[in-house]
Amino acid sequence: MAQGITKREEDYSKWYNDIVVQADLADHSSVRGCMVIKPHGYAIWENMQHVLDKMFKDTGHVNAYFPLFIPKSLFEAEEKNAEGFAKECAVVTHYRLKTDPKNAGKLIVDPEAKLEEELIVRPTSEAIIWNTYKGWIESYRDLPILVNQWANVVRWEMRTRLFLRTSEFLWQEGHTAHATKEEAIEETEKMLEVYADFVENWMAVPVVKGKKTANERFAGADETYCIEALMQDGKALQAGTSHFLGQNFAKAFDVKYVTKENKQEYVWATSWGVSTRLMGALIMSHSDDNGLIIPPKLAPTHVVIVPIHKTEEGLAKITDLANTIKNNLKQKNISVKYDNRDSYRPGFKFAEHELKGVPVRVAIGERDLANGTVEVARRDNLTKEVISISEIETYIEKLLVDIQSNLFERAKARQANLTTHVNTFEEFKKTLDEKTGFVYAHWDGTPETEEKIKEETKATIRCIPLNNLQEAGVCIYSGKPSTQKVLFARAY
RNA sequence: CGGGGUGUAGCGUAGUCCGGUAUCGCGCCACAUUUGGGAUGUGGAGGUCGUCAGUUCGAAUCUGGCCACCCCGACCA
């Protein structure tokens, strides 16, 4: 167990890395750009999956699984999508190794085992899925198709960061097919709402919902919706995207259906996804210089009980009490870990569970037994209280709810403080450099201006917020007329 | 792919200029004493010094090639 976490104000990215590694969430693997998600990190991801999966099912979706490999000819069918991902694709060219005749014990790629057609390791699955949907859809009676898959994908990134950007990552991708444009757009918006609901109410991370500009749009989409979150260092993080794909994939893969009126029509499509990147958002939204902070609704362990004893008899009594509390809390669906390891002292355990982000710690000592109390410490604000044993269960139940909402309110207040409206390019640059955060500014709506602003400031348009206030103004860069302010930020 | 840096025990390091078989801390193992915020003592295990070749009686140290990783840029959920 390492002891020092870099302070946030000293070096924010180092702090982030320290948290990920020292809180046992993930590690660099010996595969370049790929990480090992460790049990503690994976447990949090599993909780995210469970909640999201239920939300998907509740909105009528079902799960399925499609292949990891996509033949190049299928991959290239939707041109824009293919072009967008071409630069970061892993490609399988051979299917066999053989022993090296010149170097005993070593293997080489068998040059005679070259594939007729290369296989692309999926960076996303639209191509293989729409190729499949072609066979599933004949009539309007086959629609809609509402399928999700949990999978890994590979995008050959040049620079990687644990959870935020790795060459391989885990995600879910929903792929739906609809009879009408309206229905597909409704689906796209519905899933954006699902994501916003999850990220705000389970992860306790406030988001701005919006649409991407043409530059930032998913390759192959007509419209990309997104949720944007703001991290503690004032940088934005895209937390989820939902795409209205129009008829682009239906046309590329020739997926038509027969209407009631016996007419042939192309199918309308959506796709939407969130990834293990959410882990990064979770970490960077709440954690502090003592380590990770996990919102109760996603914490693998809600409460840890630490015994403090002087004698064996004392320990036995504490253990009895701990087990009673544990069982009572279990009735309330609160998961409890009794940390009775005898090789570590209480102070060490306190620090360790803080580092790993357990929301509530209960310490029980022999003094408590005499007084009929326990000490309860909350992770979010590091405060402690002495609570009577008789009311411990109801107290903790309420405390977990408090912590969840406190984390959200805290993050929300921070986001509000780090949101600025500006009217000139000077103000814009100054805000980005000195204050950071979300910056609202007028933009003339052209990709050229967006590109110039990005080149000069490294800030991108994160989104055009939904239900955005319409107000006449002039673009901060070009001085041309604008109808609304859009959301800029430097981003991960 | 460009520019910079680093490779010595599980982790962090000293030693490299000036060649003589590797230092310290954390962690690990055993035992004892401890336990209300990261315990202490005693004993112990653990290293082809990134890799390959060269120079030398002798290389962590000098020379050359290669490899890996990190940081900065171009790219990106």
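The values are calculated or read from the model by the stated rules, or taken from the named source; none is laboratory data. Here the structure is a predicted model, which is why all the values come from computation and not from measurement. Virtual Cβ from ideal backbone geometry, glycine too; neighbours counted across all protein chains shown. SASA here: full protein model, heavy atoms, side chains in, ligands and nucleic acids out. Shrake-Rupley method; radii C 1.70, N 1.55, O 1.52, S 1.80 Å.
Across the stretch A:341-376, the number of residues qualifying as near RNA strand B (Cβ under 6 Å from one of its atoms), touching a Phe, Trp or Tyr at 6+ places or on another chain (Cβ under 9 Å) and within 25 Å of A:Thr394 (Cβ to Cβ) comes to 1. On the basis of being open to solvent by less than 10 Å² (accessible area, probe 1.4 Å) and over 12 Å from the mean Cα position of the chain (by Cα), does A:Gly240 make the cut? The answer is no for A:Gly240.
Screening A:Asn333 on (1) away from RNA strand B (no atom under 11 Å from the Cβ); (2) part of a helix (DSSP H, G or I) shows it passes everything except condition (2). Just to be sure before I move on: is A:Val274 over 15 Å from the mean Cα position of the chain (by Cα) and in contact (Cβ under 8 Å) with a residue 60 or more places away in the chain in the structure I sent? Taking the combined requirement at face value, the residue does not satisfy it. For the stretch A:171-185, a residue qualifies if it is among the small types (Gly, Ala, Ser) and open to solvent by less than 10 Å² (accessible area, probe 1.4 Å), and the qualifying residues are A:Gly174, A:Ala177, A:Ala184.
Tallying residues that are in a helix (DSSP H, G or I) and farther than 18 Å from A:Leu329 by Cβ within the stretch A:355-381 yields 7. The residues of the stretch A:18-49 that are under 14 Å from A:Gly291 (Cβ atoms) and out of contact with any Lys or Arg (no Cβ under 8 Å at 6 or more places or on another chain), listed by number, are A:Asp18, A:Ile19, A:Val20, A:Val21, A:Gln22, A:Gly41, A:Ile44. Just checking, does the stretch A:164-173 include any residue being of a type in the set (A, V, I, L, M) and either within 16 Å of RNA strand B (Cβ to nearest atom) or within 30 Å of A:Val21 (Cα to Cα) (or both)? Looking for residues that are of a type in the set (A, V, I, L, M) and either within 16 Å of RNA strand B (Cβ to nearest atom) or within 30 Å of A:Val21 (Cα to Cα) (or both), one finds at least one in the stretch A:164-173, hence yes. Collect the residues in the stretch A:65-76 that are open to solvent by 40 Å² or more (accessible area, probe 1.4 Å) and in contact (Cβ under 8 Å) with a residue 60 or more places away in the chain, keeping them in residue-number order. Residues satisfying the conditions are A:Tyr65, A:Pro67, A:Leu68.
Restricting attention to the stretch A:1-33, the residues that are more than 8 Å from RNA strand B (Cβ to nearest atom), surrounded by fewer than 16 Cβ atoms within 10 Å (Cβ to Cβ) and either outside any strand (DSSP E or B) or outside the structural domain of A:Leu170 (by TED's automatic domain parsing) (or both) add up to 6. Checked against (1) under 22 Å from A:Trp268 (Cβ atoms); (2) at pLDDT 95 or above; (3) within 16 Å of RNA strand B (Cβ to nearest atom), A:Ala214 meets all criteria but (2). Taking the conditions (1) in a helix (DSSP H, G or I); (2) in contact (Cβ under 8 Å) with a residue 12 or more places away in the chain; (3) more than 13 Å from RNA strand B (Cβ to nearest atom) in turn, A:Asp320 satisfies each one other than (2). Condition check: outside any helix (DSSP H, G or I) and of a type in the set (Val, Ile, Thr). Does A:Ile305 satisfy that? Judged against the criteria, A:Ile305 is a match.
Considered as a group, the residues in the stretch A:125-150 that are touching a strand residue (DSSP E or B) at 6+ places or on another chain (Cβ under 8 Å) and under 15 Å from A:Ser73 (Cα atoms) include one that is surrounded by the most Cβ atoms within 10 Å (Cβ to Cβ), and that residue is A:Glu126. Kindly check whether there is at least one residue in the stretch A:51-64 that is among the acidic types (Asp, Glu), open to solvent by 20 Å² or more (accessible area, probe 1.4 Å) and within 16 Å of RNA strand B (Cβ to nearest atom). No - not one qualifying residue is present in the stretch A:51-64. Condition check for A:Ile325 on (1) open to solvent by less than 60 Å² (accessible area, probe 1.4 Å); (2) closer than 28 Å to A:Ala26 by Cβ: one failure, at (2).
Within the option set A:Lys337, A:Lys356, being open to solvent by less than 70 Å² (accessible area, probe 1.4 Å), touching a strand residue (DSSP E or B) at 6+ places or on another chain (Cβ under 9 Å) and not β-branched (Val, Ile, Thr) holds for one residue only, A:Lys356. Do we find a residue being over 29 Å from the mean Cα position of the chain (by Cα), crowded, with 24+ Cβ neighbours inside 10 Å and either assigned to a strand (DSSP E or B) or not assigned by TED's automatic domain parsing to the domain that holds A:Val358 (or both) anywhere in the stretch A:256-264? No, the stretch A:256-264 contains no residue that is over 29 Å from the mean Cα position of the chain (by Cα), crowded, with 24+ Cβ neighbours inside 10 Å and either assigned to a strand (DSSP E or B) or not assigned by TED's automatic domain parsing to the domain that holds A:Val358 (or both).
Consider A:Asn381 against the criteria (1) more than 10 Å from RNA strand B (Cβ to nearest atom); (2) open to solvent by 20 Å² or more (accessible area, probe 1.4 Å); (3) under 15 Å from A:Val303 (Cβ atoms); (4) not aromatic (Phe, Trp, Tyr): it satisfies all of them except one. Which criterion is unmet? If we test A:Asn381 against (1) more than 10 Å from RNA strand B (Cβ to nearest atom); (2) open to solvent by 20 Å² or more (accessible area, probe 1.4 Å); (3) under 15 Å from A:Val303 (Cβ atoms); (4) not aromatic (Phe, Trp, Tyr), just (3) comes out false.
On the basis of being part of a loop (DSSP other than H, G, I, E, B) and farther than 20 Å from A:Phe163 by Cβ, does A:Ala250 make the cut? No, not satisfied.
Given (1) of a type in the set (Asp, Glu); (2) open to solvent by 10 Å² or more (accessible area, probe 1.4 Å); (3) away from RNA strand B (no atom under 13 Å from the Cβ), where does A:Glu157 come up short, assuming only one miss? Single failed check for A:Glu157: (3).
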